[in-house]
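Heads up, the thing below is written out as C-alpha cells.
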Amino acid sequence: MKLKISNLSKTYSNGVKALDNLNLEIGTGMFGLLGPNGAGKSSLMRTIATLQKPDSGSIEFDGINVLENQMELRKILGYLPQEFGVYPNMSAEDLLDYFARLKGISSQKERTVIVKQVLEVTNLYDVRMKNVNGYSGGMKQRFGIAQLLLNNPKLIIVDEPTAGLDPAERHRFLNVLREIGTNHTVIFSTHIVDDVKELCNEMAILNGGKILNQSTPKAATAELSGQIWTKIIEREALEQNEKDFNVISSNYNQDNTLNIRVYSQEKPNESFVQAEPQLEDVYFVALKKDL
C-alpha cells in the first residue's frame, strides 16, 4: 500500500496558499507529518480525506485515484480530525454501534464483535458503559481512534491528536497508535517533535505548504552530525548571539542562563562545544533554512 501525492496545490479564497506544488510518498507504517501551526498540515489532511478539493495535482492510494473516486477511498479511510466530538448522551458502546451502522455494518452480530474489538484495542472496554461526553480528553481521543477503526481502514489520518493532553494521557494515546500502526498506513500530523520521535518510522517536515525534508527520524538526525554546537550564555546576550551565529533554539537553565544551540558546519568559536544532534534540531534547521 502506498499513498502518492503529486503536485498538489490549494489556495483559499482569502489568498492564503495552503499547499504549494506538494509531492509526497507514504508507505505502510507510522508516518509523521511535522510542522508549525499554519504550515498546511490540516489542509493536506482534509484534502487526502476528500473533505476539500485541491486546485491542482493528484492523489493515489492502493490503486485508487482519490480525487476521482472519493467514495472508494472513504470505504477504506479512517480519519480523526483536529477537532473531534460533539457527543450525544450515549455510552461508548452504544455510540460505536451507531457509528458502525452508519458505516454499513448491518449485522448486529458483526457490530457486536467489531465494537468489542475496537474498545479493547483503545483500552476503553472497561469504561464502555460510561457516557462519552464524560470522558477525559485522552479518553475522547482514544474513542476517536475506536470509531475510525470500525471499518478496518487501510489508510488512517490523525490530525494533531495529542494537543492538550496531559503526559499520562498522551502516553496512553501514543501506545494505541503504535499498536495499530504496524498493519496500516497511518499519517500522524503534529507540531510536537517528541511525538514523531517516539512513534514514527518515517517523517516529513512541512511549512508554507511545501515539504522541506523527508527522511527517517534516525537518518535525518544523523545528517546533522558534527554540525550542532552549544554554549551557555546570559539571557541579555541572546540578541547579540542571534546576530553573530545561526541560533536554532534556546532553553532556560535553572539559574536563568540560556543554553543556545547553533547550526554550523564548523565550530563557531572556542566558546562552543559540539552537541549530539536531536530530532528537534532537524526540525528547527529545516524551518530556519526555509526563511
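Overview of values
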read-out	value
Peptides 92-98, 229-235 ordered by average Cβ neighbours within 10 Å, highest first	92-98, 229-235
For region 91-138, accessible area per residue (1.4 Å probe, heavy atoms of protein chains only), Å²	56 Å²
Inverse of mean 1/r across different Cα pairs in region 81-195, Kirkwood, Å	14.4 Å
Table column - 3J(HN,Hα) (Hz), region 187-200, Karplus curve with 6.51, -1.76, 1.60, x for Gly and Pro	9, 10, 8, 7, 10, 9, 4, 4, 4, 5, 4, 7, 10, 9
Heavy-atom accessible surface of the chain: percent carbon and sulfur, 1.4 Å	46 percent
Sequence of Met203, Met1, Met90 when ordered by accessible area, the most exposed leading, probe 1.4 angstrom	Met1, Met90, Met203
Residues whose placed amide H lies under 5 Å from that of Leu212, excluding near-sequence neighbours	Ile205, Leu206, Asn207
Diffusion coefficient, µm² s⁻¹, Stokes-Einstein with Kirkwood Rh over alpha-carbon pairs of region 155-291 at 10 °C and 1.306 mPa s	95 µm²/s
Rounded accessible area of Ser58 (nearest 10 Å², 1.4 Å probe)	40 Å²
In order through region 261-271: 3J(HN,Hα) via Karplus (6.51 cos²θ - 1.76 cosθ + 1.60), integer Hz, x for Gly, Pro	10, 10, 9, 7, 5, 10, 4, x, 6, 5, 7
Semi-axes of the equivalent ellipsoid for the chain, Cα gyration tensor, largest first, Å	39, 23, 16
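The values are calculated or read from the model by the stated rules, or taken from the named source; none is laboratory data. Please read all numbers here as calculations on a predicted model, not as lab measurements. Neighbour counts run over all protein chains shown; Cβ positions are idealised from the backbone, glycine included. To get the accessible areas, we keep the full protein, side chains included, count just its heavy atoms, and leave off ligands, DNA and RNA. Shrake-Rupley method; radii C 1.70, N 1.55, O 1.52, S 1.80 Å.
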